[in-house]
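The values are calculated or read from the model by the stated rules, or taken from the named source; none is laboratory data. Everything quoted here is computed from the prediction, not taken from an experiment. We place every Cβ from the backbone using ideal geometry, glycine too, and count neighbours over all the protein chains shown. These area figures cover heavy atoms from the full protein model, side chains too; ligands, DNA and RNA do not enter into them. Shrake-Rupley method; radii C 1.70, N 1.55, O 1.52, S 1.80 Å.
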Amino acid sequence: FRESNPKRIPLLIFKIPIFKQPNTRYDMSSRRDFVKKTALVTAGIALAPTLAYGGTKTTKDILRVALIGVGLRGTNHLTNLLQRKDVTVEAICDIDSTRITIAKEHIAKAGFKAPKVFGKDDYDYRNLLEDKNIDAVIISTPWLWHTRMAVDAMKAGKYTGVEVSAANTMEECWDLVNTHEETGSHLMILENVNYRRDILAVLNMVRQEVFGELIHFRCGYQHDLRFVKLNDGVTPYGKGVEFGEKGISESKWRTQHSLLRNGDVYPTHGVGPMATMCNINRGNRFMSMTSHATKAVGLKKYIIENGGKDHPNAKLNWKQGDVITSTIDTANGETIIVTHDCNSPRPYSLGFRVQGSQGLWEVDGSRIYIEGKSEPHRWDDAKAWLDKYDHPLWKKYGEYATGSGHGGMDFFVLNAFVESAKENLAPPLDAYDAAAWSAITPLSEASIANNGEPQDFPDFTRGLWVRRKPYNWIKDTY
Ligand code: NAD
């Protein structure tokens, strides 16, 4: 199905706060020396040089960025970019002219020169990519555009950031890896949850072996997204029962995945942080996965309750099971349970659990138990632990992050992208991560379609995961 529509108005799936002081731009130059000093260390640790595909290291003071897709997410990236003194926004592309207008207003208000504008049709982004004055692009379009845009961007020599998920099919996963290796252009999957404050504190605890030897993880995307909408300006928020052409924002394109696909279509917010903790593609890898889906009742019930049983959408047969549960086996003997749950009434939770031989953290209930430290059989409130192990990145840059969106993590993911791109270094979350995490979507569909049959993950690193070193999240600057 076709995902683009010039008339779309994006949906506020997340409420994204913008900076309170839009004219105050970060001066990151104070940390440039720090970045430079650590760059070589970073390169050594992060890239594992034998495996480092990528062009020559550069040191740019100013990164010239373009945005493809300036819907809600792209605009969030834009407003965060506009806070920085080490970035210029050279071009924007969106097929929705109302989004272009909003983006141009943000840019003008921040005192930047007017950007070049693209978006006359679905493939006008390719004209943007021809511009030699653009160093890096950020892709925030609907899912089915991600891989083809990222592949084109890498082929055009751009340092490429792509929103989550990165790919929809196994072929697309390989396209990302192959294009990265063939072109030497870097790809970063812009998984902001990897930078959540509690996640980085728990990563800090993992690296210091507070949980002992890791054995098990749970995670997922559990977010009530039933708010399929009617774009009539009258129906109250959360009561609409339309999607596609009649919907607004993400209901223009996202809801349709629930109609047509029975699989975990949004795995990376959950699995990304867990994969980093257990060093996937860097000493460990996903081996195989089984997936199971419940029946689909949530959207039909919601439409009948809000639109009536005679509404045409009440007759649709939704394909995506309401709760999809996948269990991944890793090469190092851990299991990871990943849940997708977006069509039921429920409060938001990514459901994290990180468990080792010495204890565990659970995000729901915000609790930690460490044998020998906690009272036997009693949970500790996680807060004191998370404060104690607050990640150096948050200690150092927490003030910059305030107001950037999603509790501050949006600052960090963008900062990692910009700093990596300025140096043309491999990003912390790279093409192999993008491929391995996104592969959960097609593999879950295949497993569910075959009664839970185990599906093997391809080894996107072609054996090199054995020698690739973990990214050093503690010492590195981003
Ligand atoms: P959206 O619908 O608001 O924005 C998508 C934009 O892409 C629209 O403005 C649309 O006009 C534009 N577009 C579509 N096809 C295009 C084309 N061919 N060329 C140029 N522009 C095109 O959706 P969104 O909420 O901004 O989501 C965008 C992406 O960001 C999705 O992949 C979503 O999953 C992701 N996202 C991530 C987070 C996060 O926390 N990391 C949060 C929200 C969304």
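Annotations
- A single member of Asn343, Asn313, Asn306 is touching a Lys or Arg at 6+ places or on another chain (Cβ under 9 Å), open to solvent by 30 Å² or more (accessible area, probe 1.4 Å) and not hydrophobic (A, V, I, L, M, F, W, C), and it is Asn306.
- Residue under evaluation Thr88, criteria (1) touching a Phe, Trp or Tyr at 6+ places or on another chain (Cβ under 9 Å); (2) more than 16 Å from the ligand (Cβ to nearest atom); (3) part of a loop (DSSP other than H, G, I, E, B), criterion not met: (3)
- Sole residue being within 15 Å of the ligand (Cβ to nearest atom) and crowded, with 20+ Cβ neighbours inside 10 Å, chosen from Thr101, Thr75: Thr75
- Scanning segment 346-365 for residues that are surrounded by fewer than 19 Cβ atoms within 10 Å (Cβ to Cβ) and part of a loop (DSSP other than H, G, I, E, B) turns up Arg346, Pro347, Tyr348, Gly351, Ser357, Gln358, Asp364, Gly365.
- Looking only at segment 138-169, and only at residues there that are basic (Lys, Arg) and surrounded by fewer than 24 Cβ atoms within 10 Å (Cβ to Cβ), the one that is farthest from the ligand (Cβ to nearest atom): Lys155
- Helices (runs of 4 or more DSSP H) wholly inside segment 98-205 containing at least 3 residues that are under 18 Å from the mean Cα position of the chain (by Cα): 143-155, 170-183
- Candidate set: segment 385-410, residues that are open to solvent by 10 Å² or more (accessible area, probe 1.4 Å) and among the aromatic types (Phe, Trp, Tyr); chosen: the one nearest to Tyr195 (Cα to Cα): Trp394
- From Asp121, Asp131, Asp135, residue being within 9 Å of the ligand (Cβ to nearest atom) and over 23 Å from Trp437 (Cα atoms): Asp121
- From the options Ile328, Ile368, residue that is under 28 Å from the mean Cα position of the chain (by Cα), in a strand (DSSP E or B) and free of Cβ contacts under 8 Å to residues at least 40 places away in the same chain: Ile368
- Every pair of residues 6+ apart whose Cβ atoms lie under 6 Å, when the first sits in segment 68-88 and is hydroxyl-bearing (Ser, Thr, Tyr) while the second is within 15 Å of the ligand (Cβ to nearest atom) and not in a helix (DSSP H, G or I): Thr79/Ile18
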